[in-house]
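The values are calculated or read from the model by the stated rules, or taken from the named source; none is laboratory data. Everything numeric here is computed off the predicted structure, so don't read it as measured data. Quick reminder, even Gly has a Cβ in these numbers, built from the backbone with ideal geometry, and neighbours come from all protein chains shown. To get the accessible areas, we keep the full protein, side chains included, count just its heavy atoms, and leave off ligands, DNA and RNA. Shrake-Rupley method; radii C 1.70, N 1.55, O 1.52, S 1.80 Å.
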Amino acid sequence: MHVMKHMGDGGHEQVVFLRDAGAGLTAIVAIHSTMLGPALGGTRMYPYATEEDALRDVLELSRGMTYKAAAAGLPFGGAKAVIVGDPSKDKNDRLFGAFGRFVNRMNGLFHTGEDVGTDASDMDVVRKETRFVGGASPEHGGAGDPSPVTAYGVVHGMKACAAERWGQDSLEGRLVAVQGLGKVGWALAELLLQANATVIGTDVDQNRRKQARKRLCIRTVPPDEIYDVPVDIFAPCAMGGAISEHTLPRLTCEVIAGSANNQIAGADVPRAILERGILYAPDYVINAGGLINVHVELHGYHRTQALTLTREIDSRLREIFAVARRCGIPTSVAADRIVEQRLTDAREALRYTGWSQSTRA
C-alpha cells in the first residue's frame with residue numbers, strides 16, 4: 001500500500017491502523033497536521049471495497065481538515081478517522097466503544113466527532129470512553145448533530161457568493177440545486193426555503209427524494225439529472241468529486257457553493273471553473289460550520305457562540321474572492337494560499353520559539 005509514500009506526498013504526520021476483532025472494528029486514523037493545535041476531524045463509517053480505498057479517503061479527508069480548521073481560524077490541526085463497515089447493518093455499541101478507547105489512548109492528539117455514516121448516538125458511545133469527542137447528544141452532555149450549523153454556514157457562504165456575483169447578498173428568488181438530501185443537504189434546503197429561494201433537490205435514495213417532495217414541497221430529479229437543471233447556484237452536498245471535467249460542462253449555474261468535502265475532482269478543474277465564469281466557494285471554507293460547532297462544544301458549548309463564529313464564513317469567503325479577483329486565480333487556489341501562509345507563519349513561530357528557548361537555556 002506504500003503508506004509512507006502516501007504520507008510523504010500529502011505531508012501527513014501520522015497514520016494509525018486500528019483493529020479489534022472481537023468488536024468487529026477495523027479503522028484508520030490519519031493525523032495530517034498538529035501545527036496549529038490538536039488534530040480535529042470526524043469519524044466516517046463506510047463499506048470501503050479495499051483497504052487502499054479506505055486509506056486514500058482518510059488521507060485526503062484529513063488534509064482537508066487541516067485546511068478547513070486553518071481557514072476558519074481555529075486552534076486545531078486536521079485529522080480524520082474512517083471505520084470500515086456498512087453503517088446500515090454493522091453498527092453496534094461494542095464497536096464504537098472499542099473505537100472510543102483507541103481515541104482515548106491518543107491522549108488528546110486526536111479529537112473527533114460524527115461524519116458520514118455516524119451520528120450523535122454513536123458519539124454518545126464513544127463519549128463513554130473518552131472526552132476527546134464532540135457531536136454527542138445533549139442528553140449526554142454534547143451539542144448534538146452539527147449538521148444544522150454546517151447548513152447555516154453554507155447559507156451565509158451563499159450570501160457572500162451572491163454579493164460577489166450579483167451585487168447583493170439576498171438569496172430571495174434564486175434557484176438552487178441541492179445535490180444530496182442527507183443531514184446537511186436537508187437542513188440547507190429548509191434554510192434556503194426560509195430565505196425565499198427555490199430549491200430543486202436530488203438524492204441517491206429514492207425514498208429520500210419522495211420525502212423531500214412531501215415534507216419540503218420541492219421538486220426533485222434523479223441523481224444524474226441534477227447537473228442539467230438550469231439554476232443560479234449548484235450546491236454539492238453529497239460525497240466528494242461532484243465537479244469534474246465530465247460534469248462541469250453540463251452545469252448552467254453561476255455559483256457553485258455546497259457542503260460536500262473534496263468537491264472538485266481533477267487538477268485542471270479549478271482553472272476550468274474560472275474560465276467558465278463560475279464563482280466557486282472553496283468547500284473547506286464554506287462547510288466549516290460543523291467543525292466550528294464541535295470546536296465550541298469541546299470548550300463548553302454555547303450555541304450563540306457557535307452561530308456567531310459560523311457567520312464569519314461570509315467575511316472569509318469575501319477575502320478569498322478579493323484575492324482571486326486581484327490575482328486572476330481560481331478561488332480554490334486563493335484559499336489554499338491564505339491557509340498555507342497561516343501554516344507557514346505558525347511553523348516559523350514555532351521555530352523561533354524553540355530557538356529562543358534553547359538559547360536562553
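Tabulated data for the structure shown
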| item | result |
| --- | --- |
| In nm, spacing of pseudo-spin labels at Phe17 and Arg94 (7 Å Cα→C-beta vector) | 2.3 |
| Amide hydrogen neighbours beyond the local backbone of Leu25, cut-off 5 Å, H modeled | Asp20 |
| For Gly77, residues with placed amide H under 5 Å, excluding near neighbours | Leu36, Gly37, Ala39, Leu40 |
| Inter-site label distance for Ile329 and Lys210 at 7 Å from Cα along Cβ, in nm | 4.9 |
| P(r) of segment 104-181 over all Cα-Cα pairs, binned every 5 Å from zero, in whole percent | 3, 14, 18, 15, 12, 9, 11, 9, 6, 2, 0 |
| Placed amide H near Leu175: partners under 5 Å, 5+ positions off or other chain | Thr198, Asp232, Ile233 |
| DSSP H segments from the chain that extend 15 Å or more along their own axis, Cα-based, with Kyte-Doolittle mean of -1.0 or above | 51-71, 93-105, 147-166, 183-194, 313-327, 331-360 |
| Cα-centred dipole magnitude for segment 98-173, charges only on beta-carbon of K, R (+1) and D, E (-1), debye, nearest 20 | 380 |
| Ratio Rg/Rh, restricted to the chain and using Cα atoms, in which Rh is the Kirkwood radius | 0.96 |
| Charged-residue dipole, Cβ positions (Lys, Arg, Asp, Glu), segment 102-144 about Cα centre, Debye nearest 20 | 280 |
| Hits among lysines - C-alpha to C-alpha of Lys210 under 28 Å, sequence gap 8 or more where chains match | Lys89, Lys91, Lys183 |
| 222 nm mean residue ellipticity, helices alone, for the chain (DSSP H n ≥ 4; -39,500 (n - 2.57); rounded to 500) | -14000 deg cm²/dmol |
| Portion, in percent, of the accessible area of the chain that falls on carbon or sulfur, probe 1.4 Å | 49 |
| Segment 219-348 - Rg and Dmax from Cα coordinates, angstrom | 16.1, 52 |
| Relative compactness, segment 38-147, computed as alpha-carbon Rg over 2.2 N^0.38 Å | 1.01 |
| Relative contact order computed over the chain (Cα-Cα under 8 Å; 6+ residues apart), in percent | 15 |
| Anisotropy class of segment 1-45 from Cα gyration tensor, a/c 1.5 cut | oblate |
| Heavy-atom surface of segment 54-180, accessible at 1.4 Å and reported per residue (Å²) | 36 |
| FRET E, pair His2, Glu319, Förster distance 41 Å, beta-carbon r, rounded to 0.05 | 0.60 |
| Pairwise label distance in nanometres, Arg276 with Gln194, each label 7 Å out on the Cα-Cβ vector | 3.0 |
| Arg347-Arg105 FRET efficiency (beta carbon distance; Förster radius 22 Å; 0.05 resolution) | 0.20 |
| For the chain, built as a Gaussian network whose Cα springs stay under 10 Å, the top-fluctuating residue of Gly185, Gly42, Gly108 | Gly108 |
| Radius of gyration and maximum dimension Dmax of segment 1-92, Cα, Å | 13.3, 40 |
